[in-house]
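Right, one structure below, let's go through it.
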Amino acid sequence: MESEATIRALVEREFSASGVRTCSIQIRSFPGETIAVVEVDADYEKALGIAQKLDARIQNGFVTVRKIESKRGKKGAVQSVKDVHDPRVGQLLELLNARSRTSETQPSLRFVKDVDERLNLAVSARHQLVFGRRGVGKTSLLLEAKRLLEEKGGLVLWVNMHPLRALDAGRAFLTIALRLCDLTMGAHQGGRASPASVQLISSARSVVEERLYSQAGSAEDPSSLVPLVQQAISRFCVETNIQIFLFLDDVHYMEVQQVPMLLDLLHGITRDNPMWLKVAGIQHQTRWFIPNPPTGLQTGHDATIVNLDVTLEHPERASKFLLDVLRGYVEECGALPLSRVISSAAVERLVLASGGVPRDFLTLCASSIQTARQRANASAVGVQDVNNAAGVAGQTKLQELEDDAAAVAGRSAVLISALNDLRKFLLTDQQITYFRVDFRDKEIHGQQYRVLQALADLRMLHLINASLSDPQQAGQRSEVYLLDLSQYSGSRLKQRLRVLDFERGHMVLKRTRSTEAPKVGDTSLRLVALLRQGPLLPLNRIQTAEGGV
């Protein structure tokens, strides 16, 4: 099989020579087959003819053509949308629903760089563990890194770990090693490797395939194949001077104890080779290293951690980033200006409701638009539309909580029990929506703190300050967490809650159904004073399963 880079170059060359403008070219590799997806906004019939000719030239692959709406005519349109019932807002709603989740076959609509330039880290020649909550953009980042690395001539293997979640580490390693051999052999067919290295890789592939499909394969130690594959990859890289990047997406779907063993096997074949692992998952659901005996990837020594969480600790930064993401969708549909679609107050409520998570921000935005469009006289999405959408989204989050916790028996029940206890502590006992956790308390009650972190990973809690000082005791510090809006958006209409809100770029503490003046955190000192009003949560009130969570 030809490499993805070779096929992409062939497709680009043929379409360009025929005078057909392509909007995008996506290469998708599957075991034994490669598909080139070409999008055009004109000359569709001519493009189909080119695709048919290319089919005969691509071994074990074909070209498919998609017709998309032309964007060139949109730039001349200057008429603003009137309200949420405008047809362009309907297009925006469809786009948000269709493209809020990314995958290898459907990358981000528009990749937005963050201020920390994590993309530069993701494309570097280094093993990396990319962590973040669900929906923060782990897959989006890796897909953009994959695209850039392929453009630079690197060989890239993308592995979605979800289909491999039921396999043990050995079987998963053999599956990935087989695909890696196919990838490098495909580079030879594209004229990038010599027969000597290909012969070595072919021999290694035969052994790997035999072990993978043998009945006794699970009983044999797959580590015995690591030197064989490592040597074959080494010969290939020396002869071709090509770097290899292996992306593992959603590694947290594997059983926790299997992950360090899989990473250890894969790390073994990268030794002394220009081959790099890029591993993405949810941090507090992933174990990537076992110290005794040393197994997996050791952070600081073998790999670096790239943390993608854009939390509410810097709400103005999160707001800017999320608005940049949303504008990409709005401009795609011509649903401008944004203020005619979503009010500024509703945008700020969306930032708070999403906890800074891009996917939640986009899905809540879509739900809020849908809610507003149900009112015949609605002009733009309002705050109450966002509140209603957040309440509905809470049920989805609970289902995701159960799905994500399924890798560990009994974990789901522990997390739901902890969430219910937190809701009682905050909404009933304290009548407030945020709380503090003392640093010393989290050291003493490590298991309970891990439960708290798991809820944060699942977006039921949002970190808003990682180190808040205590005015009474020097050196004593705490973390501050906000309960997700979905957990109290209904209650706030019934109770005199003290709620932490986000207005005009600042955190604001106010009491619902009260004439009490809100307290605005518009300076560092005022924000600190505001956060200090959060009650201390005793971690020992959180119940854990035997052996932790």
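None of the figures in this text is laboratory data; all of them are computed from the coordinates on show. Since the structure is predicted, the reported quantities are computational estimates derived from the model, not experimental observations. Heads up, the Cβs are rebuilt from the backbone with ideal geometry, glycines too, and the neighbour counts pull from every protein chain shown.
Binning at 5 Å from 0, report for the range 195-249 what percent of all alpha-carbon pair distances ends up in each bin.
4, 18, 23, 21, 19, 11, 4, 1
Ignoring everything except DSSP H segments at least 4 long, calculate the 222 nm mean residue ellipticity for the chain; use -39,500 (n - 2.57) per segment, divide by total residues, nearest 500.
Roughly -13500 deg cm²/dmol at 222 nm, from the helical runs in the chain.
Would you be so kind as to identify which of Pro291, Leu312, Gly90 lies farthest towards the positive end of the dipole of the chain, taking Lys and Arg as +1 and Asp and Glu as -1 on Cβ and the Cα centre as origin?
Gly90
What distance in nm separates the simple spin-label points at Ser223 and Ile444, each placed 7 Å from Cα in the Cβ direction?
About 4.1 nm separates the two model spin labels.
Among Val528, Pro518, Pro471, whose Cα lies farthest out toward the positive end of the dipole of the range 408-541, if unit charges sit on the beta carbon of Lys, Arg (+1) and Asp, Glu (-1)?
Pro518
Starting from the eigenvalues of the Cα gyration tensor, five times each then square-rooted, give me the equivalent ellipsoid semi-axes of the range 253-323, largest first, whole Å.
Taking √(5λ) for each Cα gyration eigenvalue gives 30, 15, 11 Å.
Take Glu209 and His301, extend 7 Å from each Cα along the Cα→Cβ direction, and tell me the distance between the two endpoints in nm.
So the two model labels end up 3.8 nm from each other.
Please compute the volume of the convex hull spanned by the alpha-carbon atoms of the chain and report it per residue in Å³. Before the final figure, lay out each step's value.
Working: hull volume 93.0 nm³, N = 549.
Cα-based convex hull of the chain, divided per residue, equals 169 Å³.
Is there a pair in Lys46/Lys278; Lys397/Lys442; Lys138/Lys442; Lys442/Lys519; Lys82/Lys397; Lys46/Lys82 whose C-alpha atoms are over 31 Å apart, and which pairs would that be?
Numbers: Lys46/Lys278 39 Å; Lys397/Lys442 25 Å; Lys138/Lys442 27 Å; Lys442/Lys519 29 Å; Lys82/Lys397 33 Å; Lys46/Lys82 39 Å.
In this structure, Lys46/Lys278; Lys82/Lys397; Lys46/Lys82 exceed 31 Å between Cα atoms.
Which value results for Rg/Rh of the range 248-371 when Rg is the Cα radius of gyration and Rh the Kirkwood radius based on the inverse mean 1/r?
1.15
FRET efficiency for Asn120 and Ala413, Cβ-Cβ distance as r, R0 = 60 Å, nearest 0.05?
The formula returns an efficiency of 0.90 here.
Glu516 to Ser16: extension gain in nm, 0.36 nm per residue of separation minus the Cα-Cα distance?
173.4 nm
Among DSSP bridges having both ends in the chain, what percentage is antiparallel? Round to the nearest 5.
If we restrict to bridges inside the chain, about 50 percent are antiparallel.
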